[in-house]
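The values are calculated or read from the model by the stated rules, or taken from the named source; none is laboratory data. Here the structure is a predicted model, which means the values were calculated and not measured. Quick reminder, even Gly has a Cβ in these numbers, built from the backbone with ideal geometry, and neighbours come from all protein chains shown.
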Amino acid sequence: MRYTTRKPRPVAGTGNDARPGPGDRGAARARQRPGHPALTQQAWRRASEWPLLAAAVLFLAAYSFQVIANLPEARSGAIEAVIWVTWAAFGVDYAMNLLLAPRRGRWFLRNLHELLIVVLPVLRPLRLLRLITLLQLMHRAAGSALRGRIIAYVLSAAALLTYAGALAALDVEQNTTGANITTFSDALWWAVATITTVGYGDFYPVTQLGRFVAAGLMIGGIAVLGIVTAAVASWLVENVAAETAAELGAVEAPMHEELTRLTVRIEELTARIEELTAPSREHAIAEHVSPHPR
């Protein structure tokens, strides 16, 4: 009778000829190929920053033309196409950021406002929420800038907020019965008076959505005023501190010079005393070590 020895089957994940298990296949997919680094969220944001800025500007131009010209839906097909293309760009950006986030659940909860930017603007009056992307790009550019650039960013954001508020108010008010904001000039004047918290009262929204826009402008105006006031106060404190330090330096400079002169003089006198007392010390040492006669 002939006996044969059967080779043991290789266990998944062991040996040279082992079949890769699920964990091994996942690790193999996670390994990066040389010369082809994986796309990260930061790399995507850097690459999409200027395209998103162009999309935001294009959207603002298209929406401004649609609202100011008061185009009916039948004649605004091309403008609507441009607006929906920009919406698609923002949607792709949100999806890529969520996909590339290291912790997707945490990023989703911390960036719910970006989801609102993509979802809510399906309604026409809320489309201007997409301009938050433009404000975020401006904030990113001035993140580590000097105080003057930060103030310039805040003022630019306030101007953009005023323009967007005027567009939103005109969009919801101009075709409403009994409305008094019916032209862009009236809407812009109302937006400036509202964001500066002046409120003349000659123009005012009559719709609920228009009042919502007015509330947003009021809150934005208070925020802008607070930031500018804080920046100016910081600049004044810094200038006063610099002037005080300069005055103290001018007063203390003669004292430092006199102290330096006295220190040098003391060192010279000490050296002179050492020279004068050196012979007597040597003589005393010599007498101490010399043998005494018996």
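Does Gly105 meet the test of being at pLDDT 85 or above and either in the same structural domain as Leu161 (by TED's automatic domain parsing) or touching a helix residue (DSSP H, G or I) at 6+ places or on another chain (Cβ under 6 Å) (or both)? Break it down into steps so the answer makes sense when it comes.
Values: at pLDDT 85 or above: yes; either in the same structural domain as Leu161 (by TED's automatic domain parsing) or touching a helix residue (DSSP H, G or I) at 6+ places or on another chain (Cβ under 6 Å) (or both): no.
No, not satisfied.
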Pairing a residue in the stretch 247-268 that is modelled with pLDDT of 85 or more with any residue that is part of a helix (DSSP H, G or I), where Cβ atoms lie under 6 Å and the two sit 6 or more apart in sequence or on different chains, gives none
Considering only residues that are of a type in the set (Gly, Ala, Ser), at pLDDT 80 or above and assigned to a loop (DSSP other than H, G, I, E, B), which ones fall in the stretch 190-232?
Gly201
Yes or no: Ala187 under 20 Å from Ala62 (Cβ atoms) and at pLDDT 90 or above?
yes
